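Visitor: Before I ask anything, let me first share the structure, which is written out below as structure tokens.
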Amino acid sequence: VTENLGIRAQDISTQVLPRDLHADYINTMAVVATSIEHFATEIRHLQRTEVREVEEFFAKGQKGSSAMPHKRNPISSENVSGLARVIRGHVITGMEDVSLWHERDISHSSAERIILPDTTILLDYILNRFTRIIEKLTVFPEKMKADMNLTHGLIYSQRVLLKLVDSGLSREAAYDLVQPKTALAWDEQKDFRQLLEADPKVMVQLTPAEMDDAFDYHWHLSQVQTIFDRVFK
């Protein structure tokens, strides 16, 4: 039978197979579910009203919050997060089933009749539901740019720091040159780049072209395709 199914027989078994095999299976399912939940949680945050950088598909006439008509709740991602918690709960039961009396009792059976099919079916549902989320996800690039601009350019402080180091300054000197301006930009809501360009000590080290490069967000995306190719090919 095992040969026809393309699986190997267990090397050692008594009345029942060692249950660590089943515990490992449940744990693997839980890791997959939790990894998907990680993405779903990010979508949930990014769909918050004040963030709104992405949004789950929202059909015409669909309702979000029953109390607040303006809200569009990420119900599918919330559903994925909740079901991942259920699967993680099954990990404990799977581990508890490992310890059997003399490898012969069947105390595991009643529990496994629930956790094995439920975990498998739930993960299949999570995978399919999250696939639909991604396929229909709405992305708002302009809102992403607007949110980045809320920092008044502070997100580029590391790039400026490293360019100053490349220009010949020590890291400590470069840090001492940049850090006070980040505080001023944040505390007084001033443009970080303008503060830098107003300081001769900075501009003697960096050319306008180097400043443009330091404040170009595309640099942070330059390796995205390489990473995707490494992971998905």
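The values are calculated or read from the model by the stated rules, or taken from the named source; none is laboratory data. Since this is a predicted model, take the numbers as computed values, not measurements. Glycine gets a Cβ as well: all are built from the backbone with ideal geometry, and neighbour counts include every protein chain shown.
Visitor: Asp124 versus (1) crowded, with 18+ Cβ neighbours inside 10 Å; (2) of a type in the set (D, E, K, R); (3) at pLDDT 95 or above; (4) within 19 Å of Asp24 (Cα to Cα): which is the lone unmet condition?
Guide: (1)
Visitor: On to the next question. Tell me which of these Glu53 doesn't satisfy, since it passes every other one: (1) touching a Phe, Trp or Tyr at 6+ places or on another chain (Cβ under 9 Å); (2) under 25 Å from Leu100 (Cα atoms).
Guide: Condition not satisfied by Glu53: (2).
Visitor: Also, I was wondering about something else. Which residue is farthest from the chain's Cα centre (by Cα), if the candidates are limited to region 1-21 and must be assigned to a loop (DSSP other than H, G, I, E, B) and among the charged types (D, E, K, R)?
Guide: Asp11
Visitor: In region 25-33, is there at least one residue being more than 21 Å from Phe130 (Cβ to Cβ), surrounded by fewer than 15 Cβ atoms within 10 Å (Cβ to Cβ) and not aliphatic (A, V, I, L, M)?
Guide: The answer is no; no qualifying residue exists.
Visitor: Give the residues of region 30-59 that are touching a residue at least 40 places away in the same chain (Cβ under 8 Å), farther than 17 Å from Ile121 by Cα and touching a His at 6+ places or on another chain (Cβ under 8 Å), sorted by residue number.
Guide: Within region 30-59, Val51 is the sole residue that qualifies.
Visitor: Sort out for me the helices (runs of 4 or more DSSP H) sitting completely within region 130-219 that have 2 or more residues that are in contact with a strand residue (DSSP E or B) (Cβ under 7 Å, 6 or more places away or on another chain) and exposed (fewer than 13 other Cβ atoms within 10 Å of the Cβ).
Guide: Those helices (runs of 4 or more DSSP H) do not exist here; none qualify.
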